[in-house]
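Below is one structure, written out as structure tokens, with a few remarks after it.
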Number of protein chains: 2
Amino acid sequence: MTATRTIRPGMPVSELETPVLTIDMDAMERNLASMLGMLAGSGVGLRPHLKTAKSPALAQRMIDAGAVGICCAKLSEAEVMADAGIADILLTSEVAGPGTFDRLVALAQRLPGFKAVVDNHWAVAEIASRARARDIIVNLLIELDVHTHRSGQPTPEGTLALANIIRDTEGVRLIGVHGYAGHAQVRPLEDRQRLNGEAMALLSETVELLREHNHELAIVSGGGTGTAEMDVANGILNEVQAGSFLLMDTLYRDAGLQFENALRCRSTIISRPTPERAVCDAGGKTLSSDGGKAEVESHRGVRYTHGSDEHGSLAVDPTQLDRELNIGDTITLLPSHVCTTVNLHDQFVGVRNGVVEAVWPIATRGHVW
Amino acid sequence: MTATRTIRPGMPVSELETPVLTIDMDAMERNLASMLGMLAGSGVGLRPHLKTAKSPALAQRMIDAGAVGICCAKLSEAEVMADAGIADILLTSEVAGPGTFDRLVALAQRLPGFKAVVDNHWAVAEIASRARARDIIVNLLIELDVHTHRSGQPTPEGTLALANIIRDTEGVRLIGVHGYAGHAQVRPLEDRQRLNGEAMALLSETVELLREHNHELAIVSGGGTGTAEMDVANGILNEVQAGSFLLMDTLYRDAGLQFENALRCRSTIISRPTPERAVCDAGGKTLSSDGGKAEVESHRGVRYTHGSDEHGSLAVDPTQLDRELNIGDTITLLPSHVCTTVNLHDQFVGVRNGVVEAVWPIATRGHVW
């Protein structure tokens, strides 16, 4: 019992029902080539975070182009990606809720390339006992808090203690560390360099401490769109978890990243009450606002001022308008935050030269458990 | 290709995978009884706005209890509600995008109780020509901007001019006016009274003007959770479009509304890095932030400080904690804004006495087109 949208490959983009998310295929392909080019020959692999694009098809596309695997934020996301044939998945959030340890170990059993982060000994024990019951070994990375002040072991010493516990526990194996400098990603260049430098210094110190104590760490994973270039230069990570680079948003653009805005929202003007005001059909259930307002790209002199649930309110400066803006006209908008905007939609429409080329389900939208 | 959650009627709520939205059935039933009691005998009907609960099952429940019909914000929402057997639907947003006039008129043809708002003559012409082609008459309400400054005719005179156009146009019929004082809903009592008073005065003036010109207006629709009580007293509306009262959120609670918080999010602590910090599994893809932070209900001394994509960061005051807060513990949270939070999820779990009583698909989640 859902209404379905009329979207067919080959149809002109102008005929798409609105609001709708489109991906500029050329821009997306250039973004991927650009990221892979940045990493080429550095020994740092691309492990894109699929909490952003939430699409197995786009995950596979990145793997086919050279990504070493993917990250997922939630177990249900990883389950869907595994079902879709993605072989190498790192779960970057701890789990602890009802049923999650059973599901995690079940996924590890059917997907040898699955690995998960932990930051506490209780989770290690929960995972290990279930792994022993299934006679398997679950691969783990310890999450270190590299000053993001979210989850993760806060100190190198705490990380070492947890690493020793994992070594002494049957059913689990330590294969790496995970240190995501989330706080450093969406910042001006200078701040990114400083914050990421401090974060990676702590990660490096921790990696050295663990290696001194004979812990083999095949994977040192972290980083993102905002720090990938400096992570290559630092030489501490051997994987970067960038996700937003593929589709981009205005937050990352404004932070100075050179990837192209490939994701757009097409929306229609539904009301034009005064020369200074217009209303479009893309509100807060279409464009997320946690990263600020969306940006009107198609028309000069038009500003997205507020997204109520289902209306987008626009301020119009009639003296600046470079095109007409009438009821029924289409506008294009750039989302402020790609991750939370994509999560509001059920599909992407891939567009090239004004024509629909592909439709991809956003298969892990809403997969928060 | 989606992961499915294990939710069975009869299971203890403590076994639900997290994060998950629950509805306190007793509280929801009391909220509905309370709203209907407030309207009883007043001549003002309840036409709940289903942009909030987004569930045909809950729509039907309200109709069975006495609601006169429902509102939908988007055409795709109305299509799903019609498929589910809801007979009386008012579409409260203008449409104008590719294909929407065809869909609107097709819906009107199969659902005699369908009606839609318009605020401009172009839309009237588009609807009317399609209605004539199908040999039907589409029922319309004119939307008046009652100082919300979003869509709607800005003046009584403009509304009259549009009413005259509708009267002169074959294929459409004017059956009412719609004036939603959205800006007055979520405010302290005094502001609600003042702003709604001004809004309803403008609506009343417009209704009188149209009636003076022999326009029959069977429906005068507007209002919401925040103004329902005063709308009864005003006697201008004959329908109120309240939606949030059923499930509630902290925005409306903080504005002084007496309905109960029936909607909760259950979430699990996944990390506990320091005595002053904890992380739960409900981030910004689980709890919307356009209405502010969610509120931790289950534990004293714990504050939800930030929702990143998939992590909820919590500040803990250990001296205030009234219960332990360990990894694996469940917390309950009250959403700040019910409409945008519900829109992130695929189902509600109805709970009574700690046991799952019902599971309802949030069938129109993501139906923005």
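The values are calculated or read from the model by the stated rules, or taken from the named source; none is laboratory data. The structure displayed is predicted, hence computed values, not measured ones. FYI the Cβ positions are ideal-geometry reconstructions off the backbone, even for glycines, and counts take in every protein chain you see.
Any idea how many residues of the stretch B:309-336 are more than 9 Å from chain A (Cβ to nearest Cβ) and within 30 Å of B:LYS51 (Cα to Cα)? Break it down into steps so the answer makes sense when it comes.
Let us first name the residues in the stretch B:309-336 that are more than 9 Å from chain A (Cβ to nearest Cβ), namely B:312, B:314-325, B:331-336.
Within this subset, residues satisfying the condition of being within 30 Å of B:LYS51 (Cα to Cα) are B:312, B:314, B:331-336.
Of the residues in the stretch B:309-336, 8 are more than 9 Å from chain A (Cβ to nearest Cβ) and within 30 Å of B:LYS51 (Cα to Cα).
Filtered by the rule that a residue be in a helix (DSSP H, G or I) and among the β-branched types (Val, Ile, Thr), the stretch A:10-29 gives a lone residue, A:VAL13. Scan the stretch B:59-81 for residues that are within 14 Å of chain A (Cβ to nearest Cβ) and buried (at least 20 other Cβ atoms within 10 Å of the Cβ) and the total you get is 12.
Against the condition farther than 30 Å from B:GLY152 by Cα, at the interface with chain B (Cβ under 10 Å from one of its Cβ atoms) and at pLDDT 95 or above, how does A:GLY243 come out, does it pass?
Judged against the criteria, A:GLY243 is a match.
On inspection, A:VAL117 qualifies as within 14 Å of another protein chain (Cβ to nearest Cβ), assigned to a strand (DSSP E or B) and buried (at least 24 other Cβ atoms within 10 Å of the Cβ). Restrict the check to the stretch A:274-290 and report whether at least one residue is over 26 Å from B:THR52 (Cβ atoms), of a type in the set (Gly, Ala, Ser) and out of contact with any helix residue (DSSP H, G or I) (no Cβ under 7 Å at 6 or more places or on another chain). Scanning the stretch A:274-290 turns up no residue that is over 26 Å from B:THR52 (Cβ atoms), of a type in the set (Gly, Ala, Ser) and out of contact with any helix residue (DSSP H, G or I) (no Cβ under 7 Å at 6 or more places or on another chain).
Which one is nearest to B:GLU94 (Cα to Cα) among residues in the stretch A:261-290 that are in a loop (DSSP other than H, G, I, E, B) and of a type in the set (Ser, Thr, Tyr)? For the stretch A:261-290, the residue satisfying everything is A:THR286. Restricting A:ASP168, A:ASP231 to residues that are away from every other protein chain (no Cβ under 14 Å) and surrounded by fewer than 19 Cβ atoms within 10 Å (Cβ to Cβ) narrows the list to A:ASP168.
Contact map, the stretch A:274-301: first residue farther than 22 Å from A:ARG365 by Cβ and at the interface with chain B (Cβ under 10 Å from one of its Cβ atoms), second residue among the polar types (S, T, N, Q) and in a loop (DSSP other than H, G, I, E, B), Cβ cut-off under 6 Å, separation 6 or more or different chains; pairs are A:VAL279/B:SER151.
Of the numbered criteria (1) without any contact (Cβ under 8 Å) to a residue 60 or more places away in the chain; (2) out of contact with any Cys (no Cβ under 6 Å at 6 or more places or on another chain); (3) farther than 26 Å from A:GLU157 by Cα, the one A:LYS54 fails is (1). Look through the stretch B:176-209, keep the residues that are aliphatic (A, V, I, L, M) and in contact (Cβ under 8 Å) with a residue 60 or more places away in the chain, and return whichever of them is nearest to B:PRO154 (Cα to Cα). Top of the filtered list is B:VAL186. The set of residues in the stretch B:30-72 that are over 16 Å from B:PHE259 (Cβ atoms), under 15 Å from the mean Cα position of the chain (by Cα) and part of a strand (DSSP E or B) comprises B:ILE70, B:CYS71, B:CYS72.
Which residue, of B:GLY366, B:GLY301, is surrounded by fewer than 19 Cβ atoms within 10 Å (Cβ to Cβ) and at positive phi? Please lay out each step first, then the result.
Numbers: B:GLY366 fails: surrounded by fewer than 19 Cβ atoms within 10 Å (Cβ to Cβ).
Selected residue: B:GLY301, the only one of B:GLY366, B:GLY301 that is surrounded by fewer than 19 Cβ atoms within 10 Å (Cβ to Cβ) and at positive phi.
Does A:ILE127 count as farther than 30 Å from A:GLY291 by Cα, hydrophobic (A, V, I, L, M, F, W, C) and either not in a helix (DSSP H, G or I) or not assigned by TED's automatic domain parsing to the domain that holds A:LEU46 (or both)? The answer is no for A:ILE127. Within the stretch B:83-114, the only residue that satisfies the criterion of being without any contact (Cβ under 8 Å) to a residue 60 or more places away in the chain, farther than 18 Å from B:ILE175 by Cβ, aliphatic (A, V, I, L, M) and within 11 Å of chain A (Cβ to nearest Cβ) is B:ALA96.
Is it true that A:GLY179 is touching a strand residue (DSSP E or B) at 6+ places or on another chain (Cβ under 6 Å) and within 15 Å of A:GLY224 (Cα to Cα)? Answer is yes for this residue. Tell me, which helices (runs of 4 or more DSSP H) wholly within the stretch B:140-257 include 2 or more residues that are within 26 Å of B:LYS54 (Cβ to Cβ) and not assigned by TED's automatic domain parsing to the domain that holds B:ALA73? Here the list reads B:250-254. If you go through the stretch B:214-233 and keep only what is touching a residue at least 12 places away in the same chain (Cβ under 8 Å) and of a type in the set (A, V, I, L, M), you end up with B:LEU217, B:ALA218, B:ILE219, B:VAL220, B:ALA228, B:MET230, B:VAL232.
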